[in-house]
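Structure record follows, encoded as structure tokens.
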Amino acid sequence: MTSDKRAALGAGVLLVLTGVLADQRTPRSLERSIGQWVYDWPDWLETPFELIQQTGTLLAIVLVAAGLVVTGRYRAAGAAFVAGAGAWLASSGLKEIVERPRPRLASLGRVPREVADGFSWPSSHAAIAAALATVLLLTIARGRVGRGIVVAAAVLVAVARIYLGAHWGLDVIGGAALGVLAGYVAVLVLKPE
């Protein structure tokens, strides 16, 4: 089994595991403590985290796909678009099934910096960022620095969502796992160069 297949299998297991744990709806004390700790980081991080979380939005899907088209990597662009859109659609559907509440004053112990509507698990931002990162890692990201930047961007999106008070830890881990699966499947099906 290749390392790509092992990573996809691990992501699938992680997605199921976080889904089962998130179905309890109320965050456990460890998850709540981690969320409070990250939320209590300095206020000056708010603007950078608000910016970096945009890497996990629908606009990011379009921008990454367009960038790949401009560089002549059409299949990679298709894989990025399919992976990002698939991660978003899947996360939206799973949220309606699990119905995990987002952090609120009563559960977080603080007023969230960002009040988001809808349910919490899995994080769509983390899913999209991880899907795009997976496609880039499997297609064009080369060298330690390039790969490191791609991974750091996806990780920072997940951390930003906790810091802003929009998600719990299981939400972003589940979202990232879903994104890795979506990216792997898109590359497997579309076979970019």
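All of the numbers you see were taken from the coordinates with simple rules; none came from a lab. This one's a predicted model, so the numbers in the text were calculated from it and none came from an experiment. All Cβ positions, glycine included, derive from the backbone under ideal geometry; neighbour counts span all protein chains shown.
Electrostatic bookkeeping for Glu46 treats Lys and Arg as +1 and Asp and Glu as -1; over the other residues with beta carbon under 11 Å from its beta carbon, the sum is -2.
Can you sort Asp171, Asp43 so the residue with the fewest Cβ neighbours within 10 Å comes first? Could the numbers behind the result be given before it?
On the way: Asp171 33, Asp43 8.
Result, fewest neighbours first: Asp43, Asp171.
At R0 = 25 Å, how high is the FRET efficiency between Asp23 and Leu58 if r is their beta carbon distance? Nearest 0.05 is fine. Provide the component values of the computation, followed by the final result.
On the way: r = 27 Å, r/R0 = 1.06.
That gives a FRET efficiency of 0.40.
For Tyr39, Tyr163, the sequence from fewest to most other C-beta atoms within 10 Å is Tyr39, Tyr163.
Return one quarter of the surface area of the convex hull spanned by the alpha-carbon atoms of the chain, equal to its mean projected area, in nm².
Values: hull surface 42.7 nm².
Computed as one quarter of the Cα hull surface, the answer is 10.7 nm².
Each part reduced to its alpha carbon centroid, the stretch 173-193 and the stretch 24-86 end up 15 Å apart. The mean sequence distance of close C-alpha pairs (under 8 Å, at least 6 residues apart), as a share of the length of the chain, puts its relative contact order at 35 percent.
Projected onto its three principal axes, the C-alpha set of the stretch 30-71 covers 44, 24, 14 Å, listed from the longest axis down.
Note on Arg142 and Glu50: the extension gain reaches 30.4 nm, defined as 0.36 nm multiplied by sequence separation minus the Cα-Cα distance.
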